[in-house]
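These notes are about the structure you will find just below.
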Amino acid sequence: MGTAPVEKHLHPLFLLLGFVLLLLMMSCARSAEYVSAVGDPGMRRDGLRVGFEAWNFCNEVGQEAPGMGSPRAADCFDLESSAALKPKVTEADNQLGVGKSFPGLSPEAQKDPDMYAVEKELYLGSLCQVSDTPRPWQFWMVMLKNGNYDTTSGLCPENGKKAPPFKPGRFPCFGAGCMNQPVLNHQQTRLLGDGTMRGSFNGTYDMGSDIGKENDGASYYEVVWDKKVGEGSWKFHNKLKTSKKYPWLMLYLRADATKGFSGGYPYDTRGMLKTLPESPNFKVRVTLDIKQGGGPKSQFYLVDIGSCWKNNGDPCDGDVSTDVTRYSEMIINPETPAWCSPSGLGNCPPYHITPDNKKIYRNDTANFPYSAYHYYCAPGNAQHLEKPVSTCDPYSNPQAQELVQLLPHPIWAKYGYPTKQGDGWVGDGRTWELDVGGLSSRLYFYQVSKLVQYHCYYYYNDRLIPLER
């Protein structure tokens, strides 16, 4: 993402996630009406829809892991009766990889791992799709990312433009093969004797390791979901552990747009957002219970909202040389410091906007809330930046990116966000109602000429031991 790469081994971080409910708020003169923007509000639907995707450093595939197929999968089913689940996706579907055909696969994608994964996601989405108003939806998305980058490979573009290889040392990589995709084990959702439905994805990036052994030093990820038939909400239990060879890993549970570009993707995706929220009129409700943190070099996002527009305000159109992914992220690990400070103005946005729309410039040392910002970085393709400035990592997205990383602070109280260090952290599980639309409409984003609305193309509701995207 724009910060320095991990230098030390990170400890495991554990998360128990309850339900997520994303709301689109429409207000009128006398009342406010709330309508869910997600296909499965509150994660209460017995017939679960959950997808899986894995990315390399620059949000592509590069090369499939041996015997794993393309790193896209899904667990989707309907409840036929109180005693039977009907899968919508087979394991043969999940194991599809380059060289294997499926309905709708284009000739160009048959031997291209990157394009094959794109079209496989669309195919899995068609199997999982649920009809709804105003449009159908497909699945929640579990997303993994490997932060290793082999800079001698020249695989990743620089701010959306092809870049030559360069000497190693800037990013973690143990040598050839460090950008590999993970091993994926899928336990298809089953109905247990007590009426509980349970399934999971798990695996490792360390090829040849025994992931059944907790202390073997290998990386490990796990996402388990469970729910009682006809009761409550699905709970997602997430674990992520880095290793010496893979010190920078990311795990998200996402609600993506059901159609169109999803921020860090320059191609069509599938997801859960049947309505595209626009600031300032949407809120997020999430229940979160963190069981163990990952130490001072790990970040954890209570919420991460991503969008995409060009520097002149036009919507993204898939041209990675001019599209820019924009992120706003609330970090709740209390060990994460504020890099924004009076002596580090280049790590701060040019100004802060108060709830009553007053601007406080970053050189106003008496009033600017420095400790509310971990880090700000500007898009690398911006041409009229106010200095001093940090520009975001140019390689870890297919296109340029901009991010605003927030920390708990009283200034965010009006929006329902954490107001002090430790809020929502280990031992403080709670349900949050976040005025994400209201806050995002008052965050600084680089913009030349015309005004743009902040469109939520996808929503992340957790992040495990990630340091950069």
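Throughout, read-outs are computed from the coordinates displayed, never taken from laboratory work. Given the structure is predicted, the values throughout are model-derived calculations rather than measurements. All Cβ positions, glycine included, derive from the backbone under ideal geometry; neighbour counts span all protein chains shown.
Below 19 Å, Cα to Cα, which lysines can LYS161 reach? Residues fewer than 8 away in the same chain don't count.
Within reach: LYS310.
Given a Förster radius of 25 Å and the C-beta distance between THR196 and ARG135 as r, what FRET efficiency does 1/(1 + (r/R0)^6) yield to the nearest 0.05? Walk me through the numbers before you get to the answer.
Numbers: r = 32 Å, r/R0 = 1.27.
Efficiency at R0 = 25 Å is approximately 0.20.
Efficiency by 1/(1 + (r/R0)^6): what FRET value for TYR361 and SER441, r their Cβ-Cβ distance, R0 = 25 Å, to the nearest 0.05? All intermediate terms of the calculation are to be shown ahead of the outcome.
Working: r = 19 Å, r/R0 = 0.76.
Efficiency at R0 = 25 Å is approximately 0.85.
Using a simple spin-label model with points 7 Å from Cα along the Cα→Cβ vector, what separation in nm is obtained for SER153 and VAL229?
4.5 nm
When only C-alpha pairs under 8 Å and at least 6 residues apart count, what is the relative contact order of the range 235-324, in percent? Don't jump to the answer; show the numbers that get you there.
On the way: 75 pairs, mean separation 19.7, N = 90.
Contact order relative to length: 22 percent.
Just grab the label-to-label distance for ASP314 and ILE353, each label 7 Å out from Cα along the Cβ direction, in nm (one decimal).
2.3 nm
Determine the alpha carbon to alpha carbon distance for each of LYS227/LYS291; LYS145/LYS244; LYS167/LYS241; LYS241/LYS297 and list only those over 21 Å.
Those over the limit are LYS167/LYS241.
Just the ratio, please: alpha-carbon radius of gyration of the range 158-254 over 2.2 N^0.38 Å, N its number of residues.
Details: Rg = 17.9 Å, N = 97, 2.2 N^0.38 = 12.5 Å.
The range 158-254 yields a ratio of 1.43.
Among HIS374, HIS384, rank each residue by its count of other Cβ atoms within 10 Å, from fewest to most, as a rough exposure measure. Walk me through the numbers before you get to the answer.
Values: HIS374 22, HIS384 8.
In order of increasing Cβ crowding within 10 Å: HIS384, HIS374.
Under 18 Å Cα-Cα from LYS358, which lysines qualify once same-chain neighbours fewer than 8 residues away are excluded?
LYS414
With 10 angstrom as the radius, rank ARG44, ARG190, ARG326 by how many other C-beta atoms surround their C-beta, starting from the fewest.
Working: ARG44 14, ARG190 11, ARG326 26.
Exposure proxy ranking, most exposed first: ARG190, ARG44, ARG326.
Return an integer: the convex hull volume of the alpha-carbon atoms of the range 183-234, in Å³ per residue. Mind dumping the intermediate values first?
Values: hull volume 4.7 nm³, N = 52.
Dividing the Cα hull volume of the range 183-234 by its residue count gives 90 Å³.
Going toward the positive end of the dipole of the range 286-395, with +1 on Lys and Arg Cβ and -1 on Asp and Glu Cβ, which of ILE290, VAL320, GLY346 do you reach last?
GLY346
Hey, rough spin-label estimate for GLN188 and PHE102, points 7 angstrom out along Cα→Cβ, what's it come to in nanometres?
In this crude label model, GLN188 to PHE102 measures out at 1.5 nm.
Counting other beta carbons within 10 Å of each Cβ, put ARG49, ARG198 in order, fewest first.
Values: ARG49 27, ARG198 15.
Going from least to most buried by this count: ARG198, ARG49.
For percent of Cα pairs over 36 Å apart, pick the label among (1) 23; (2) 48; (3) 20 that corresponds to the value derived from the coordinates.
Calculated percent of Cα pairs over 36 Å apart: the matching label is (1).
What full-extension length gain, to one decimal in nm, is calculated for LYS167 and LYS414 as 0.36 nm per residue of separation minus the Cα-Cα distance? Spell out each step's value before the answer.
Values: separation 247, 0.36 × 247 = 88.92 nm, distance 4.69 nm.
Taking 0.36 nm per residue and subtracting the Cα distance, the gain is 84.2 nm.
Separation of the range 70-100 and the range 326-377 by C-alpha centroid, Å?
If we compute the Cα centre of each part, the gap is 44 Å.
Using a Debye calculation, one point per C-alpha and no hydration shell, please list log10 I(q)/I(0) for the range 316-394 at q = 0.25, 0.26, 0.28 Å⁻¹ in order.
Scattering profile of the range 316-394, log10 relative to I(0): -1.26, -1.30, -1.37.
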